[in-house]
Amino acid sequence: MVIVMISVALAACRGGGDKPAASVPPAKVDAPVKEAALTTITLTPEAETRLGIKTATVDRRAIPRTRTVGGEIIAPAGAERTVTAPFAGTLESPEGLPTVGTTVTRGQPIFRLVPIAPSERDARVDAERAVGEAAARQEVVAKRAQRAEQMARDGSGSKRAAEEAQAELAIANADLKAARDRLALAARGTTASGAIALEAPFTGLLRNLHASAGQTVAASAPLFDLVRLDTMWVRAPIYVGESADVDRQAPARVLGLGEPAGSEGILARPVAAPPSADPSTAGIDLYYALANARESFRPGQRVGVRLTLRGQANTLVVPRSALLHDAFGGTWVYEAREPRVYARRRVSVADLVDQFAVLDQGPAPGTRVVVEGAAELFGTEFGAGK
């Protein structure tokens, strides 16, 4: 028993003499700089006047709420057109045949169609049938446009529907005129070979060629596809449970992928479109139209869509002119701490609404920030100021 107790005592003495190993920190930061320790700029009265410094107050305002979702650029209804052969014949290539993916102008020849001999009479028959079909379509579209116009005047229909019906009528009239022109050409023959030019009915993107030069095609065979790009639609799917929060009558803002969350984007207005939904995601689709004169958007392109929600939120805001962006994407303002004393302060921008920047994080309400001359202060701080 005595031997056992002595052994335990010796073991305890040896264990008590060991010191725990010092822990090694996972990272080492040399000379850390806190936000509160950033450079403070003190200006002389003359320098402040030369830089044109003006300040405004950080405030809380009732700002419309927004939510950004993913969207897809699509061609509007009626913007795609497939041009077909008015009669059977052989295709010829005019000079400078456009390639798929290029923009063609209205009236630009895409193919020449030479009737198959002895098809002069057959060409007239085919052209006459095309005129009859175009006239029937024009009559139906004209009545539809007349009804839409009357409903818009009575208040039972939308003005947009009436405008779309008028656009369809204009296309139907153009088709009828083109069919009559083809009939006249087929009747008298415009060239020695009896060929007629197949032209682009409107300015747009040549999306596909269904035939090639030297190929013999039948009457009504598809030849090429055109799509208008001057106005595009954006489809924005949202969760059906959140649809009541979205203001369907308010415009949206379309953002390119990679743009900052606070970017203004391009204005897109809501349009009436056939309802669509995806049961696998419990989502419904909202549609907006946006101008695309510069062809910045193409069908199938993915974009961000900033939707306007119902109601307003009391949020922290500063004037847009107070914001500064550094080379690493950071957003800053200059806080006026004392007379002629300014310090740079990091902010987090959630949205841009009118002339205000909505902040997730920033100075407290009542703080004065620089709204004119902020860029000059930034240059002064980093040695490039005047």
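The values are calculated or read from the model by the stated rules, or taken from the named source; none is laboratory data. This is a predicted model, so every value here is computed, not measured. Cβ: placed from backbone, ideal geometry, glycine included. Neighbour counts: every protein chain shown. Protein only, heavy atoms only, side chains kept; ligands, DNA and RNA dropped before computing areas. Shrake-Rupley method; radii C 1.70, N 1.55, O 1.52, S 1.80 Å.
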| said: Could you work out what % of the accessible surface of the stretch 79-118 is carbon and sulfur, using a 1.4 angstrom probe and leaving DNA, RNA and ligands out of the count? | reply: 53 percent
| query | Each residue of the stretch 77-89 in turn: what ³J(HN,Hα) in whole Hz from Karplus with 6.51, -1.76, 1.60 and θ = phi - 60°, glycine and Pro shown as x? | reply | 4, x, 8, 9, 9, 10, 8, 10, 6, x, 7, 5, x
| said: Taking amide H atoms as placed 1.01 Å from N in the peptide plane, list the residues 5 or more away in sequence, or in a different chain, whose amide H sits under 5 Å from that of VAL347. | reply: THR331, TRP332, VAL333
| field | Efficiency of FRET from Cβ geometry, THR203 and ILE116, R₀ 30 Å, rounded to 0.05 | value | 0.45
| field | Vicinal HN-Hα couplings computed from phi for the stretch 315-329 (Karplus, 6.51 cos²θ - 1.76 cosθ + 1.60; Hz; Gly/Pro x) | value | 10, 7, 9, 9, x, 4, 5, 7, 7, 10, 10, 8, 5, 9, x
| field | Length released on extending from ARG160 to ASP278, taking residue separation times 0.36 nm less the Cα-Cα span | value | 39.9 nm
| message | Full-extension gain between LEU97 and ALA184, please, as 0.36 nm times their residue separation minus the C-alpha to C-alpha distance. | response | 28.8 nm
| request: Could you pull out every residue, at least 5 positions away or on a different chain, whose amide H is within less than 5 Å of the one on VAL246? Hs are placed 1.01 Å off N in the peptide plane, and Pro or chain starts have none. | output: ARG310
| remark: The simple spin-label model distance between ALA142 and ALA211, using points 7 Å out along Cα→Cβ, in nm, is 3.0 nm
| message | Rounded to whole Å, give me the distance from the Cα center of the stretch 145-175 to that of the stretch 227-298. | response | 24 Å
| Spin-label point model (7 Å from Cα, Cβ direction): what's the ARG340 to VAL240 distance in nm? | 6.7 nm
| said: Once you place label points 7 Å from the Cα toward the Cβ at ALA56 and ARG129, how far apart are they in nm? | reply: 6.9 nm
| Any idea what % of Cα-Cα pairs in the stretch 280-386 are farther than 23 Å? | 48 percent
| message | So with the 1.4 Å probe, I'd like the accessible area per residue for the stretch 162-321, rounded to whole Å². | response | 50 Å²
| Amide H partners (placed H, <5 Å) of LEU352, local residues excluded | VAL358
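Go ahead and run the numbers for FRET between SER348 and LEU267, Cβ-Cβ distance against an R0 of 30 Å, rounding to 0.05.
Using R0 = 30 Å, I get an efficiency of 0.75.
Which percent of the accessible area of the stretch 264-386 is formed by carbon and sulfur heavy atoms (probe 1.4 angstrom)?
Ligands and nucleic acids excluded, carbon and sulfur reach 51 percent.
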| query | Tell me, in nm to one decimal, what length is gained between ASN314 and ALA47 on full extension, where the rule is 0.36 nm per residue of separation less the Cα-Cα distance? | reply | 92.4 nm
